[in-house]
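For reference, the structure is listed below as structure tokens.
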């Protein structure tokens, strides 16, 4: 299936793009394995949150991904 | 000697005027004795402060008045 | 630090004043402000038609200037603006504008609130309201004294 | 209660917005507000030439609306206004305006400060600055976390 990955803040620099599509089996581990190791490492930082289709994921263990889902990787915010 | 009395806030209503001149001997007691009893009573409220020539009086006992002085009677404030 | 304290008898435009103040303090990260206006509505005697603020010239402006100086001493501010009206006002008219510019947000908020608390209960103003056709002096509120005690 | 939350990509005029908000809340005694602007000056890499705020549409505005709702629940407000910019800005440009109208001054100040603290460290914005010709992401400040813990 195809997923859309969105990289916010400094993760955009790590990814080199703001968004990209990736064709993988539907698990976060599969996504991480398919990405460049430096990017996977950046995305694995414990402070980074994940939203799927605009909903913040609170329980990664029970995450189920579907074709066409948008995954946003959200580093610590720095607003206002 | 002649003193100028200024009545602020609700004391203006008690005095009937915002300001008046009074010719008396130079003590606060002499002023109070020369005023109408209702006004004297209103001015004697412990919460009322006194300024002489624009300077707040902190020690009434050592107050010395001179001809032409302006005495302002200042009830509790209610600003902003 | 630029510090502007004004006591004015005519109307003023708080938004325009605040715009000028913001532009003058571009080096500040933020500006906290408070606009007090004559409340549209009723008191216990009926609809408030007018409000009057009396001051005593020899004390009121010097007192406001001392207040601004105290706020400057207490917080690192880039600028402080205090504008207070006197005279007769109608519902909706602005009474007071306080604005504090600072590099750090909390300093700006604290200074603005400090200035407002002192203008309310420790500055030389006397207020009366006209409601139901009659003028009545407004007594200080206990809440105002409680507010100012926070800064002791 | 009227509550207005806007996320905008273009420039805005905080003073004009505040004037309209004040006029719409004549029944409130006061309006506390905060204007955040791009600080003119230098960071450790040199003069800041530009600032960019990134957001994530599916989360940012809904998060701001939830924040406004939380402030309304917490204080008796007559009105609340939150305007936040995104995109590229220059020194002196306004970033954020928060205004809270309330009958009681302290409620207005508390709500405005609460909203600002949450916009700073608990809202979906990412900031980068261009200084010395190079863009760098700004990390959250420890002070911002300390600020928000006050409301827990």
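Coordinate-derived values only; no laboratory data. Remember, predicted model here, so these are calculated numbers, not experimental data. Virtual Cβ from ideal backbone geometry, glycine too; neighbours counted across all protein chains shown.
Here are the numbers for this structure:
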read-out	value
Rg and Dmax of chain B, Cα atoms only, in Å	11.8, 38
Mean separation of Cα contacts under 8 Å, 6 or more apart, over the residue count of region A:1-51: relative contact order %	32
Set of region D:85-106 residues, backbone N closer than 19 Å to the point 7 Å along the Cα-Cβ line of residue D:49	D:87-93
For region D:50-137, convex hull of alpha carbons as volume per residue, Å³	92
Other-copy label distances relative to residue C:2, 7 angstrom Cα-Cβ extension, nm	3.1
Burial order of peptide ranges A:23-36, D:9-22, C:101-114, B:2-15 (average beta-carbon count within 10 Å, highest first)	C:101-114, B:2-15, D:9-22, A:23-36
Nearest-first distances (nm) between copies at residue D:44, label 7 Å from Cα via Cβ	6.0
23 Å tail of the calculated P(r), chain D, as % of Cα pairs	37
Square roots of 5 times each gyration tensor eigenvalue, C-alpha, region C:5-77, largest first, Å	28, 19, 12
Label-point separation, residue C:69 to residue D:16 (7 Å along Cα→Cβ), nm	4.1
Whole-number percent relative contact order across region D:2-149, with pairs defined as alpha carbons under 8 Å at least 6 apart	35
Separation between Cα centres of region C:25-97 and region D:42-110, rounded to whole Å	24
Separation in nanometres of the label points that stand 7 Å from Cα toward Cβ, at residue D:88 and residue B:2	7.4
Residue C:9/residue A:56 FRET efficiency (R0 56 Å; Cβ-Cβ; nearest 0.05)	0.55
Candidates C:98, C:138, C:48, ranked by Gaussian network fluctuation over chain C, Cα under 10 Å, top entry	C:138
From the C-alpha gyration tensor of the protein assembly as shown, square roots of 5λ in Å	57, 21, 17
Position residue D:73, label points 7 Å along Cα→Cβ, spacing to each other copy in nm (shortest first, one decimal)	4.3
